[in-house]
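Derivation of every value follows stated rules applied to the coordinates shown; laboratory data play no part. This one's a predicted model, so the numbers in the text were calculated from it and none came from an experiment. Methodologically, a virtual Cβ is constructed for each residue, glycine included, from the backbone with ideal geometry; neighbour enumeration extends over all protein chains shown.
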Amino acid sequence: EDQVTQSPEALRLQEGESSSLNCSYTVSGLRGLFWYRQDPGKGPEFLFTLYSAGEEKEKERLKATLTKKESFLHITAPKPEDSATYLCAVQAVGNNRLAFGKGNQVVVIP
Amino acid sequence: DTEVTQTPKHLVMGMTNKKSLKCEQHMGHRAMYWYKQKAKKPPELMFVYSYEKLSINESVPSRFSPECPNSSLLNLHLHALQPEDSALYLCASSLGLAGDNEQFFGPGTRLTVL
């Protein structure tokens, strides 16, 4: 069974204090790993797709990386508007479903 | 345009009511999804449609009835719901069912069952 574990569960950061979120996964064959951002009471917003180990993608203050066992979402010099829950999901080869982690809840304090 | 729209934004219904949730996308996506999300939990898959045909039903109770009238629209018909069905209902779409097709989510419908 595909499994996704995200850590830390919750994170409080001072504005400008860079940090990383971890997504560890177990999947029979990785088709894709997805990062989403979700604000309270709203739908997840797509951020990145990663397909193979060594791949990196960036968007503003966010950078996602992938190894064979985990993915990191690096937040550089965060701002209060980066406060959200970040969801990691994986899709296995031959499986049409996404397996989600429980999310990393990030609060950035001004 | 990567927008998925959902109506209504909020819905309050009694256990004997019949209501419907609507979802629409105009990105030419051929796969559409319904998810249920409880507070502080990840989304849980309910149904998947591919090319307007039901592809996956995650053993969802029959009081939830999906419908895909055309490639742009997805409905979820609700009947005789229970208070524990109160949740955020999310619609999503992707180009296809292959793993390299990102799912784009709508804003959700907040459902409260009294």
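Structural remarks
- The single residue among A:Gly54, A:Gly43, A:Gly32 that is at the interface with chain B (Cβ under 9 Å from one of its Cβ atoms), assigned to a loop (DSSP other than H, G, I, E, B) and either closer than 28 Å to A:Gln14 by Cβ or not charged (D, E, K, R) (or both) turns out to be A:Gly43.
The rows are residues; the columns are (1) out of contact with any Pro (no Cβ under 6 Å at 6 or more places or on another chain); (2) within 23 Å of A:Asp39 (Cα to Cα); (3) crowded, with 20+ Cβ neighbours inside 10 Å.
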residue: B:Leu11; (1), (2), (3): yes, yes, no
residue: B:Ser20; (1), (2), (3): yes, no, no
residue: B:Ser55; (1), (2), (3): yes, no, no
residue: B:Glu58; (1), (2), (3): yes, no, no
residue: B:Ala80; (1), (2), (3): yes, no, no
residue: B:Glu84; (1), (2), (3): yes, yes, no
residue: B:Cys91; (1), (2), (3): yes, yes, yes
residue: B:Leu95; (1), (2), (3): yes, no, no
residue: B:Gly108; (1), (2), (3): yes, yes, yes
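- Check on B:Lys38, surrounded by fewer than 17 Cβ atoms within 10 Å (Cβ to Cβ), touching a residue at least 12 places away in the same chain (Cβ under 8 Å) and touching a Gly at 6+ places or on another chain (Cβ under 9 Å): no
- Scan of segment B:62-78 for residues that are surrounded by fewer than 18 Cβ atoms within 10 Å (Cβ to Cβ) and part of a strand (DSSP E or B), ordered by number: B:Ser65, B:Glu67, B:Pro69, B:Asn70, B:Leu73, B:Asn75, B:His77
- Qualifying residue in segment A:92-100 (condition: facing chain B (nearest Cβ under 8 Å), outside any strand (DSSP E or B), crowded, with 18+ Cβ neighbours inside 10 Å and hydrophobic (A, V, I, L, M, F, W, C)): yes
- Among the conditions (1) away from chain A (no Cβ under 12 Å); (2) under 15 Å from B:Glu24 (Cα atoms), B:Ala80 misses just one, which is (2).
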